[in-house]
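Only one structure is covered here, and it is reproduced in the block below.
Every read-out reported here was derived from the displayed coordinates using simple, explicitly stated rules and does not represent laboratory data. Nothing here was measured: the structure is a model prediction, and the numbers come from that model. Because the Cβ atoms are built from the backbone with ideal geometry, glycine has one as well, and the counts that use them run over all protein chains shown.
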Amino acid sequence: MRLVLLGLPGAGKGTQAKRIAEKYHLTAISTGEMLREAAKEKDTSGLRVQEYMNKGELVPDEWINSLVKSRLQEKDVENGFVLDGYPRTLQQAKVLEAYLQSQNQNLDAVFFLDVSQDTLRHRLAQRGNLRSKEKQGNSQIEAKREKIRLDDKPEVIENRLHINKKLMESLIHFYKERNLLYVINGEGDFDNVFDNINEGLLSVNK
Ligand code: AMP
């Protein structure tokens with residue numbers, strides 16, 4: 001299966017992508033994680049990636065498209081994938097579609113995790129608070145491992161929500177037209193949301 005998880009920042013894509021991947025033996029691909037790894041290399045492009053991320057802005061389409069295309073060519077993706085955080089723009093969605101077509105492949109389903117703006121703000125702020133507490137507290141090793149996400153700061157949260165909201169609407173439209181879209185209630189706890197996704201997957205597998 002080839003799946004895409006769509007959702008605004010804080011919708012829970014990362015957690016759900018990992019759980020889906022585990023259950024259905026797929027590879028979870030998170031562009032956010034790939035970029036955070038890239039930013040660790042303190043070379044010129046790593047530093048530029050970090051700059052975009054710190055501001056809550058998207059990195060240019062060409063960068064992310066080529067990163068994802070080469071990731072999709074790796075061996076562990078042969079049995080299918082679940083994409084988390086990509087595509088984020090219409091251009092990325094079109095590039096992904098064209099790439100898969102060139103490989104005689106297509107997406108099986110796109111899940112949009114629908115979560116209200118209020119819940120998203122609350123979740124992102126909590127994530128930011130939790131990590132800065134960890135940083136101040138005794139669990140310094142844990143904090144280092146988790147790596148504080150600078151983009152979970154309040155002013156950056158607003159920017160991320162604002163930038164992604166409009167883009168999300170166009171992606172939803174794009175995938176609805178292709179009959180691939182499943183809208184999943186993303187409020188509630190992770191187990192509930194996972195159940196909702198699994199229910200959707202039942203009809204994908206039919
Ligand atoms: P995420 O972990 O998915 O919230 O992504 C964190 C940050 O990585 C975003 O705020 C963007 O700066 C960058 N990013 C992740 N995925 C993409 C993408 N598909 N296109 C552009 N930028 C991205």
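The table for this structure:
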item: Cα-based convex hull volume of region 8-70 per residue, rounded to whole Å³; result: 101 Å³
item: Rounded D (µm²/s) - the chain, Kirkwood Rh over Cα pairs, Stokes-Einstein at 37 °C, 0.692 mPa s; result: 185 µm²/s
item: Pairs of alpha carbons in region 45-108 whose separation is greater than 19 Å (percent); result: 35 percent
item: Length released on extending from LYS18 to LYS166, taking residue separation times 0.36 nm less the Cα-Cα span; result: 50.7 nm
item: For the chain, calculated [θ]222 nm from helices alone, where every DSSP H run of n ≥ 4 adds -39500 (n - 2.57); result: -19500 deg cm²/dmol
item: Virtual spin-label span in nm between GLU51 and THR119, 7 Å along Cα→Cβ; result: 3.7 nm
item: Efficiency of FRET between LYS42 and SER203 - r from beta-carbon atoms, R0 41 angstrom, step 0.05; result: 0.30
item: Length-normalised contact order of the chain in % [C-alpha pairs under 8 Å, at least 6 apart]; result: 33 percent
item: FRET efficiency for TRP63 and MET1, using Cβ-Cβ distance with R0 set to 30 Å, rounded to 0.05; result: 0.65
